[in-house]
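Written below as structure tokens is the structure these notes are about.
Values quoted throughout were computed directly from the atomic coordinates according to the rules given, and no laboratory measurement underlies them. Given the structure is predicted, the values throughout are model-derived calculations rather than measurements. Using ideal geometry, Cβ is built from the backbone for each residue, glycine included, and neighbour counts are taken over all protein chains shown.
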Amino acid sequence: MGVLGRIRESLSRTKQQIVERFDEIVRLADAPERRSHPIDVDTIDALEELLISADIGVAATDRILEAVKTRSGRGASLRDLVKQEIRDVFAAVDRPVTVANHPRVTLVVGVNGTGKTTTIGKLANLLKAGGQKPLICAADTFRAAAVEQLEIWANRAGVDIVRAREGADPAAVVFDAISAGKAKGRDPILVDTAGRLHTRVNLMNELDKIRRVASREVDGAPQEVLLVLDATVGQNGVAQAREFMNAAGVNGIVLTKLDGTAKGGVAVAIAHDLNLPIRFVGVGEGIDDLVPFSADEYVDGLFEEKW
């Protein structure tokens with residue numbers, strides 16, 4: 001199954017919640033006799049309720065509705081107007097990561113329970129399948145179980161892992177991993193950090209130390225800081241992300257458990273409200289169930305007329 005199929009399948013629960021209502025709104029708005037007229041208030045209200053129910057968020061919903069009101073009455077389909085505006089939301093934040101120096105260092109951050117550790121294993125597997133030679137760094141030294149779990153995923157992916165004893169300095173483990181990556185030709189270095197609550201100042205300080213060590217060893221590192229968010233948490237995840245953006249220099253999002261929520265529209269809220277690109281989405285529990293995010297495929301999967 002291609003990426004389109006994986007993302008589409010993961011959105012099935014969300015689409016079940018909105019498909020009939022959205023199709024009815026579109027059917028009425030796109031009647032031939034109405035396409036040449038501005039969209040009416042009742043349709044706008046119905047569309048607003050539907051978008052909010054999908055967890056697209058208030059700010060992003062307002063933007064979509066404004067675009068629909070501005071562009072309606074010119075013969076365009078309401079379905080196409082909604083889809084294009086959401087594509088534009090994603091396009092506005094689609095910034096590639098510049099890597100001038102190697103190895104590339106990717107920090108993976110987030111609170112406990114988001115699927116952070118499993119995401120690293122899946123990401124390593126995905127990158128290896130694409131011809132890269134990732135190395136996993138187990139910098140969450142506070143929980144022995146976290147290191148053991150990560151080692152299992154590294155073995156599944158068939159990639160190297162650098163770990164240390166429980167309680168070791170995480171920044172020192174990162175130093176060792178970067179050194180090993182340089183010596184063995186491993187690139188990128190995927191760093192698992194301790195799951196932390198954004199209110200824990202000491203843990204945020206530790207993350208800052210990791211960043212300093214990485215940048216000392218590789219100019220410009222960490223080139224990528226991925227925040228793992230649980231799609232089932234919805235808007236709470238957006239609030240959570242704001243704290244990490246300030247403390248960790250987050251420049252990309254991994255949205256996990258998209259297949260487990262009926263509010264998959266939160267991807268739009270994340271991109272719009274946080275001005276951050278979604279790099280990958282989790283579409284299941286298996287090692288192959290992490291796929292690069294595609295705005296076109298996401299929008300088509302959510303709002304197309306039929307599966």
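Tabulated data
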{"read-out": "Which numbered condition THR61 misses (of (1) surrounded by 14 or more Cβ atoms within 10 Å (Cβ to Cβ); (2) closer than 20 Å to VAL191 by Cβ; (3) without any contact (Cβ under 8 Å) to a residue 60 or more places away in the chain)", "value": "(2)"}
{"read-out": "Complete set of residues in region 78-97 that are without any contact (Cβ under 8 Å) to a residue 60 or more places away in the chain, in a loop (DSSP other than H, G, I, E, B) and surrounded by 14 or more Cβ atoms within 10 Å (Cβ to Cβ)", "value": "none"}
{"read-out": "Residue tally, condition in contact (Cβ under 8 Å) with a residue 24 or more places away in the chain and either under 14 Å from LEU28 (Cα atoms) or within 29 Å of the chain's Cα centre (by Cα) (or both), over region 65-74", "value": "3"}
{"read-out": "Candidate set: region 159-175, residues that are in contact with a helix residue (DSSP H, G or I) (Cβ under 8 Å, 6 or more places away or on another chain) and charged (D, E, K, R); chosen: the one farthest from THR106 (Cα to Cα)", "value": "GLU166"}
{"read-out": "Selection within region 267-298 - part of a helix (DSSP H, G or I) and crowded, with 16+ Cβ neighbours inside 10 Å", "value": "ALA267, VAL268, ALA269, ILE270, ALA271, HIS272, ASP273, LEU274, ALA295, GLU297, TYR298"}
{"read-out": "Failed item in (1) over 25 Å from GLY130 (Cα atoms); (2) in contact with a strand residue (DSSP E or B) (Cβ under 8 Å, 6 or more places away or on another chain); (3) aliphatic (A, V, I, L, M), with LEU203 passing the rest", "value": "(2)"}
{"read-out": "Sole residue being assigned to a loop (DSSP other than H, G, I, E, B), farther than 29 Å from THR141 by Cβ and touching a helix residue (DSSP H, G or I) at 6+ places or on another chain (Cβ under 8 Å), chosen from GLY195, GLY301, GLY264", "value": "GLY264"}
{"read-out": "Residue within region 98-116 that is surrounded by 14 or more Cβ atoms within 10 Å (Cβ to Cβ), out of contact with any Lys or Arg (no Cβ under 7 Å at 6 or more places or on another chain) and assigned to a helix (DSSP H, G or I) present", "value": "yes"}
{"read-out": "Test: residue in region 226-245 that is touching a Pro at 6+ places or on another chain (Cβ under 9 Å), surrounded by 17 or more Cβ atoms within 10 Å (Cβ to Cβ) and on the phi < 0 side of the Ramachandran plot", "value": "no"}
{"read-out": "Qualifying residue in region 8-27 (condition: in a helix (DSSP H, G or I) and in contact with a strand residue (DSSP E or B) (Cβ under 9 Å, 6 or more places away or on another chain))", "value": "yes"}
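A quick yes/no check of all residues on (1) farther than 19 Å from VAL109 by Cβ; (2) acidic (Asp, Glu); (3) in a helix (DSSP H, G or I); (4) within 23 Å of the chain's Cα centre (by Cα):
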site	(1), (2), (3), (4)
CYS137	no, no, no, yes
PHE142	no, no, no, no
ALA154	no, no, yes, yes
ALA177	no, no, yes, no
ASN205	no, no, yes, no
ARG212	no, no, yes, no
SER215	no, no, yes, no
